[in-house]
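The next block holds one structure in the form of structure tokens; read it before the comments.
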Amino acid sequence: MTAFGLKDAFVMKFRFFALCLTLFCASFGVAHAQQGPLRIEITEGVIEPLPFAVPSFQPESAEAGQMAANLAQVVAQDLIGTGLFREIPASAFISTVSDFNAPVQYADWKAINAQALVTGAVNVQGNSLSVKFRLYDVFSGAELGSGLQFTGTADGWRRMAHKVADAVYARITGEGPYFDSRVVYVSETGPKDARAKRLAIMDYDGANVQYLTDSSVIVLAPRFSPSGDRVLYTSYESGFPRIYVLDIGSVQRRVLESADGTMSFAPRFSPSGQTVVFSLTQGGNTDIYTMDIASGASTRLTNTPAIETAPSYSPDGGRIVFESDRSGTQQLYVMSASGGEAQRISFGEGRYGTPVWSPRGDLVAFTKQNKGRFHIGVMRLDGSEERLLTASFLDEGPTWAPNGRVIMFARETQGEGGSSTLYSVDISGRNLRPVQTPQGGSDPSWSPLQK
Amino acid sequence: MKRILTSTILMAVLALTACTNPGRFGAGGDGAGANAPLGVAGGIIPGSANDPSSTAYFQQAVGDRVLFPVDQATLTPEGRATLDGQAGWLTNNTDYTAVIEGHADEQGTREYNLALGARRANAAQEYLISKGVPSNRLRVVSYGKERPIEICSNEACYAKNRRAVTVLAGGLSS
């Protein structure tokens, strides 16, 4: 180790990290045989963000100038937003990068303590955009992984930036990427007794908000399909809560079958995208059902006088976690995806609801109510290692980032002027931060990583 | 007979109005002025709260809502008394149908509160049916915590938000 005492200063483990770059591999550049040891191991102990530099990307066409600066900025914002990285401002730079292919002056970046350096080049031709980048481990004096190139549309330039940042994040942390993803949520305006709600979709960082419905009727809890092209949600369009499926591309929707005199809500897709699991209320009693989306044929999975709702599939589709008050209070249970006997998994103090199975399969996120406070938490599927990540007057409705590392949820503030805001938090409980949306937001649902 | 009953109820309404008006109109008035229009009219204004077959009468004199304790959907004695009045009114006013809206306070997760509101609406519906209101005139819907009427975050508001409200529809021939 160097005199900087990296390990102590940053409480990070730097070790050799071999990369497998099968995706998006471009034909340019030469992969260095020597790979750097730059690595953040995300643990509870990580307290100091890793310093990095992202000089403005190199424009390789006349039209690319502004784009080159914007791309570098979004890459930096993505990395900073994780709480794991700290950007070294351009004003501190000793050398500038004026040629993407020129050798890096490691000493100049070492001198300003930039442990990671991201360089890039941009080519814009009409609405066609291509972005190249390289990641350097400054203190090893080597490139970390090989250069990559992404191509897309100039309109979708932010996605290119997210892809670059995803590659950097994944190489340094060893975690899966998640920046190139979207969130569908309920946009909220107005006071609590006249709250107007409409469905909105945005990039994970709050950019590019588009509205999918108007606010003429109450809409609740949109949920992405596994392929990210459709959304299930609950709407009062008919005067009663019913489940709709909406195609994001065409913004066309259709209502799922439901019998008169019933209410259906809390839908989620199965991992296959063919089946929806949901709650149906009849005669005041709420149970869990599945429905084949194409045929409309439904199957009842629970049959008790208790409230059974908020079902969520395991990533392999074999099991369902849900909440039930069959014990007297809301608790979490796991059952087979075909129904049958359920195992209670929550045994702590208070009430547990809105369970969501992690995309990695290892954890369930939930809302907990205890002693007048609300928490977002995670636990293992056997109920062990419960960890509360937040505490407030009202936090609810967690959703998982595609890599299973970050959770987004809604926080409602207290009293007459109360409003709802989206927040994200790392599953370690660190890096709690609001997600910027034009209006209030609730019921977020994170998409899978975009293709 | 029916007319006598109507008059009695009307007087009760006037009495109620007299009781509530001073507070409602604030410190400036003694209440007499506010009551004057009713006195001048001296009879039933169709559709107003003194018309016993009006929805306004149902809402104000009979009482269109019942309240529930925290996380409960069991009717209270007060709730049952209100629903007795609703059942009587619906029996006398057969051209009305109703949707019973169940609600919860904000202390709960969205999905659970939807289900809880449904339990409350259903409890009111079942009671009305048990008192002779035909089930085909009653529908239920739950709004969960989506439509509070009071917006403070303490028990005074929560108590009013945990409710089942009987909302009339129809009544075109009255």
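The values are calculated or read from the model by the stated rules, or taken from the named source; none is laboratory data. Computed from a predicted model, the values in this text were never measured in an experiment. All Cβ positions, glycine included, derive from the backbone under ideal geometry; neighbour counts span all protein chains shown.
Some notes on this structure:
- Criterion: over 26 Å from B:GLY102 (Cβ atoms) and either of a type in the set (A, V, I, L, M, F, W, C) or at pLDDT below 55 (or both) - qualifying residue of B:VAL70, B:VAL40, B:VAL62, B:VAL66: B:VAL40
- Subset of region A:52-89 [touching a strand residue (DSSP E or B) at 6+ places or on another chain (Cβ under 8 Å) and part of a helix (DSSP H, G or I)]: A:GLU63, A:ALA64, A:GLY65, A:MET67, A:ALA68, A:LEU71, A:ALA72, A:VAL75, A:ALA76, A:LEU79, A:ILE80, A:GLY81
- Test: residue in region A:294-305 that is under 26 Å from the mean Cα position of the chain (by Cα) and in contact (Cβ under 8 Å) with a residue 40 or more places away in the chain: no
- Note on region A:273-311: residues that are small (Gly, Ala, Ser), surrounded by 14 or more Cβ atoms within 10 Å (Cβ to Cβ) and away from chain B (no Cβ under 11 Å) amount to 2.
- All of A:GLN436, A:GLN414 fail the test of being in a loop (DSSP other than H, G, I, E, B), touching a Gly at 6+ places or on another chain (Cβ under 7 Å) and surrounded by fewer than 20 Cβ atoms within 10 Å (Cβ to Cβ), apart from A:GLN436.
- Checking each residue in region A:340-353 for being assigned to a strand (DSSP E or B), more than 14 Å from chain B (Cβ to nearest Cβ) and either crowded, with 17+ Cβ neighbours inside 10 Å or within 29 Å of the chain's Cα centre (by Cα) (or both) picks out A:ALA342, A:GLN343, A:ARG344.
- Residue satisfying condition, being facing chain A (nearest Cβ under 10 Å) and assigned to a loop (DSSP other than H, G, I, E, B), within set B:GLU106, B:GLU111: B:GLU106
- Residue within region A:318-328 that is out of contact with any Asp or Glu (no Cβ under 6 Å at 6 or more places or on another chain), under 23 Å from A:GLU237 (Cβ atoms) and in the same structural domain as A:PHE224 (by TED's automatic domain parsing) present: no
- A:THR329 passes every criterion in (1) more than 12 Å from every other protein chain (Cβ to nearest Cβ); (2) part of a loop (DSSP other than H, G, I, E, B) apart from (1).
- Of residues in region B:73-110 being free of Cβ contacts under 8 Å to residues at least 24 places away in the same chain and under 30 Å from A:THR367 (Cβ atoms), the one surrounded by the most Cβ atoms within 10 Å (Cβ to Cβ): B:THR109
- The residues on offer are A:THR421, A:THR390, and the sole one that is assigned to a strand (DSSP E or B) and under 18 Å from the mean Cα position of the chain (by Cα) is A:THR421.
- The criterion of being in a loop (DSSP other than H, G, I, E, B), surrounded by 18 or more Cβ atoms within 10 Å (Cβ to Cβ) and either basic (Lys, Arg) or more than 10 Å from chain A (Cβ to nearest Cβ) (or both) does not hold for B:VAL165.
- Those residues of region A:426-451 which are within 20 Å of A:PHE224 (Cα to Cα), away from chain B (no Cβ under 14 Å) and under 13 Å from the mean Cα position of the chain (by Cα), in sequence order: A:VAL435, A:TRP446, A:SER447, A:PRO448, A:LEU449, A:GLN450
- Of all residues making up region B:114-139, the number that are more than 8 Å from chain A (Cβ to nearest Cβ), basic (Lys, Arg) and not in a helix (DSSP H, G or I): 1
- Options A:PHE374, A:PHE393; residue that is within 14 Å of chain B (Cβ to nearest Cβ), modelled with pLDDT of 95 or more, in contact with a Leu (Cβ under 6 Å, 6 or more places away or on another chain) and farther than 30 Å from A:GLN450 by Cβ: A:PHE374
- Residues in region A:252-272 that are at pLDDT below 95 and surrounded by fewer than 18 Cβ atoms within 10 Å (Cβ to Cβ): A:GLU257, A:ALA259, A:ASP260, A:GLY261.
- In region A:221-249, the residues that are over 16 Å from B:ARG110 (Cβ atoms) and in contact (Cβ under 8 Å) with a residue 40 or more places away in the chain reach residues that are among the β-branched types (Val, Ile, Thr) and part of a loop (DSSP other than H, G, I, E, B) with C-beta atoms within less than 7 angstrom, at least six apart or across chains, in these pairs: A:ARG230/A:ILE248; A:VAL231/A:ILE248; A:VAL245/A:ILE293.
- Looking only at residues in region A:341-371 that are among the small types (Gly, Ala, Ser) and modelled with pLDDT of 95 or more, the one that is nearest to A:THR290 (Cα to Cα) is A:ALA342.
- Restricting region A:175-196 to residues that are hydroxyl-bearing (Ser, Thr, Tyr), under 30 Å from A:SER216 (Cα atoms) and surrounded by 21 or more Cβ atoms within 10 Å (Cβ to Cβ), the residue that is nearest to the chain's Cα centre (by Cα) is A:SER181.
- Residues that are of a type in the set (Gly, Ala, Ser) and assigned to a strand (DSSP E or B) within region A:201-229 comprise just one, A:ALA221.
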